[in-house]
Amino acid sequence: MPIKRREVEMKPTRYGYGEALVELGASDPNVVVLDADLSKSTMTKLFAEKYPERFFDMGIAEQDMLGTAAGLAIEGKIPFVSTYGVFVAGRAWDQIRTTICYSNLNVKIGGAHGGISVGPDGATHQALEEIATMRCIPNMTVIVPADAIETKKATLAAARMHGPVYLRFGRAPTPIFTKEDDEFVVGKARVLRDGTDVVIYGAGPLLYEALLAAEALEEDKGLSVAVINVHTVKPIDVDTIVEYAKKCGAAVTVEEHQVMGGFGSAVAEVIVQNHPIPMEFVGVQDRFGESGKPEELLPAFGLDAETIYDKVLKVLERKGN
Amino acid sequence: MFERPVEDTAKLKKIANQLRKDVVKMTYLAGSGHPGGSLSAADMMAVLFFYKMKLDPKNPKWEGRDYFILSKGHICPVYYSALCRVGFFPEDELWTLRKFGSRLQGHPASSKMQEIEVSTGSLGQGLSVANGIALGLKLDGKPNRVYCMLGDGELQEGQVWEAIMTAAHYKLDNVCAIVDYNNLQIDGFVEDVMGIAPLADKWRAFNWEVIEIDGHDIDQIKKALDEAENIKGKPTVIIAHTVKGKGVSFMENEAGWHGKAPSKEEYEKAMAELEAQDV
């Protein structure tokens, strides 16, 4: 299984968030940013340096931060609240559910440090459940951008739409593989690679691994593998998912998150109701993360091109190829 | 029914009594709900909605309005009653409380009623929201004030103390918190369940201005709210000592009336008592 890795420009997705906030600060005086003592990690410090009067450090108090953001939204501001995904989507879940989403307030939540690739901080700081906990709340939009370029576009798009949005980004540098002029529309998946034998649906930086696996499968096995970037996990692009389920007849989902309830589950909900086909899931299999370097952890947790390659072959067996 | 603002103490007493009658009738017709804390807060709600707060019953989202956040969302019967009696909606709607299809949900829902700023009911979350509104108002240089009603049992929620820190840190003198200190929560006396005393000292230690009053004395409530408006550089809390179930003899100081509707007999008895108290 010769996965060919090339030199590629790397950048953490959170940088895209920080850069977008600075742009928003200039273009919209109503944009305000809140952080819970992690502005250097979430990259909101870029906004804080430029627009200190519109930046609020709320201290290590996530629940209060979400409530304060709700109040700012009521007063017509567009608050972006940021901290690690584990803290915001876990500790402040009820505040997000009841205060923000039930009231359908215009609060944007930047969940940093999503995924196992957070690395040495270990399980407590590796958000692996927040796609599940955020997408099950009515009124919430959930976006998992693929790289720093797409994160920037997603952040700008979140500011333009009304209602609560959860944006997920990672800590480690990850490949840049979308282009500045690619169109980004919330709720609209993008075809990264067309194919007819099998489709890989992905959300987040692991899509790059999916592309590597697809290339290797074509070279080794002559397989035609489609790769779809489903950056908006909710509302999910039913049309594109069903179109490719019909076209390919077998699917693999890829996410840096628990398989239970996460992105793969969201895709499965669409497929079983519209066009049932064999599916395999690449993701974290009901276990906590641990300390290590991202490049050690990702393969150890089965979150790499090699695992995707194997899962594609497995699902094709089930398809009857 | 009254020209706002109502300055006259006797009139405000009469309004508070009307709110109490509404609470009893609403919860009786609903067959559930929270009369105890609604009755303890009725005098403060009357003064807030008829004397103190700037609002426009014809335009719930009027830019010049003062904001009210009911952090202890379960006492929404008295909140709905106040909104109705100042003229936001007609009396008939009050009797739909908790019924299927009603805007008057069991806990306040801003998605159903635009008169409500934010949905509450999961305790401990309202003061943070009040702070956020206050921060926004300060950013915009607006003079509107933000009032937040909290329960005493609710102060056991950690988020409240996070919000207390925030309001002081950001010097939100446009925030006025009001604690309905009726000493009771579902499981019994607050001091037995999880003590919060010494309450005034705690708020003071967190750099708030503290005003302690009898929460059933209309003049004290008026004076405290006026004073709070003039305190600059820090937020103010009015700790209002109250009686849970106030105004209905058999509901007073009984934890059991926290979240229970009166039977027909109890309803009639309560209404008779409240009628007799009408000034």
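The values are calculated or read from the model by the stated rules, or taken from the named source; none is laboratory data. These figures come from a predicted structure and were not determined experimentally. Cβ: placed from backbone, ideal geometry, glycine included. Neighbour counts: every protein chain shown. Just the protein is used for accessible areas: all its heavy atoms, side chains included, with ligands, DNA and RNA removed. Shrake-Rupley method; radii C 1.70, N 1.55, O 1.52, S 1.80 Å.
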Which value, in nm² and rounded to one decimal, describes the direction-averaged projected area of the C-alpha convex hull of the stretch B:139-181?
3.3
Label point at B:V193 placed 7 Å out along Cα→Cβ; residues across the stretch B:6-46 whose backbone nitrogen lies under 12 Å:
B:37
When Lys and Arg each count +1 and Asp and Glu each count -1, what net charge do the other residues less than 12 Å away from A:A159, Cβ to Cβ, add up to?
+3
Kirkwood hydrodynamic radius (C-alpha pairs) into Stokes-Einstein, the stretch B:107-196, 4 °C and 1.567 mPa s, D in µm²/s
92
Along the Cα→Cβ direction, 7 angstrom out, place labels at B:W62 and B:D140. What is the inter-label distance in nm?
1.5
Counting pairwise Cα distances across the stretch B:7-115, what percent come out greater than 17 angstrom?
49
Would you give the gap between the C-alpha center of the stretch B:22-78 and the C-alpha center of the stretch B:169-209, rounded to a whole Å?
20
With a 1.4 Å probe, what is the total accessible area buried between chains A and B, in Å² rounded to the nearest 100?
2100
With eigenvalues of the C-alpha gyration tensor scaled by 5 and rooted, the stretch A:10-175, Å
20, 18, 15
Among B:A270, B:W62, B:G153, whose Cα sits farthest toward the positive end of the charge dipole of the stretch B:9-277 (+1 at Cβ of Lys/Arg, -1 at Cβ of Asp/Glu, about the Cα centre)?
B:W62
Once the Cα atoms of helix A:62-74 and of chain A are each reduced to a long axis, what angle between those two axes, in degrees from 0 to 90 to the nearest 10, is obtained?
70
For labels at B:K232 and B:Q277 in the simple 7 Å Cα→Cβ model, what's the distance in nm?
4.0
Once label points are set 7 Å from the Cα along Cα→Cβ at both B:R204 and A:V272, what is their separation, rounded to one decimal in nm?
6.1
Kirkwood Rh and Cα-based Rg: tell me the resulting Rg over Rh for the stretch A:33-85, rounded to two decimals.
0.94
Hits for chain B under the membrane-span-like helix rule (DSSP H, Cα axial span at least 18 Å, Kyte-Doolittle mean at least 1.0) are B:126-139
Check each residue of the stretch A:84-115 and keep those whose accessible area, probe 1.4 Å, is at least 20 Å² smaller with all protein chains in place than in the chain alone; give them in order of residue number.
A:D94, A:Q95, A:T98, A:T99, A:Y102, A:S103
Expected vector for the stretch A:248-265, Karplus 3J(HN,Hα) from phi with 6.51, -1.76, 1.60 and θ = phi - 60°, integer Hz, x for Gly and Pro, equals 9, x, 7, 9, 10, 10, 9, 7, 9, 6, 4, 5, 5, x, x, 5, x, 4
For q values of 0.12 Å⁻¹, compute log₁₀ I(q)/I(0) with the Debye formula on a Cα-only model of the protein assembly as shown, without solvent.
-1.07
Computed Rg/Rh of chain A, alpha carbon atoms with Kirkwood Rh
0.97
The stretch B:142-279: radius of gyration and largest Cα-Cα distance (Dmax), Å
16.9, 51
Send over the semi-axes of the stretch B:82-129's equivalent ellipsoid, whole angstrom and largest first, taken as the square roots of 5 times the C-alpha gyration tensor eigenvalues.
20, 13, 8
Stokes-Einstein D for the stretch B:200-255 (37 °C, 0.692 mPa s, Kirkwood Rh from Cα pairs), in µm²/s, comes to 262
Once the other residues with Cβ under 10 Å from the Cβ of B:A270 are scored (Lys, Arg +1; Asp, Glu -1), what is the net sum?
-1
Scattering from the C-alpha atoms of the stretch B:1-58 alone, worked out with Debye: what is log10 I(q)/I(0) at q = 0.15 1/Å?
-0.46
Report the far tail of the P(r) of the stretch A:75-154, meaning the percent of Cα-Cα pairs longer than 16 Å.
53
Separation between Cα centres of the stretch A:251-321 and the stretch B:210-279, rounded to whole Å
58
Which whole-number value in Å² is the accessible area per residue of the protein assembly as shown, probe 1.4 Å?
37
In Å, the Kirkwood hydrodynamic radius from C-alpha pairs for the stretch A:1-106 sits at 14.7
How large is the translational diffusion coefficient of the stretch A:221-321 in µm² per second when you combine the Kirkwood radius over alpha carbon pairs with Stokes-Einstein at 20 °C and 1.002 mPa s?
150
Please report the projected area of chain B's Cα convex hull averaged over all directions, in nm².
13.1
Kirkwood Rh, angstrom, the stretch A:100-216 [1 / mean 1/r, Cα pairs]:
15.4
Reduced to Cα centres, the span from the stretch A:46-122 to the stretch A:214-231 in Å works out to 37
Choose one of B:G87, A:V284, B:A168: the residue whose Cα lies farthest towards the positive end of the charge dipole of the protein assembly as shown (beta-carbon charges +1 Lys, Arg; -1 Asp, Glu; about the Cα centre).
B:G87
Quickly rank A:88-95, A:142-149, B:119-126 as a protection proxy: mean count of other C-beta atoms within 10 Å, highest first.
A:142-149, B:119-126, A:88-95
Structure shown: which of B:K21/B:K54; A:K40/A:K77; A:K40/B:K52; A:K77/B:K234; A:K40/A:K179; B:K142/B:K223 lie over 32 Å apart, alpha-carbon to alpha-carbon?
A:K40/B:K52
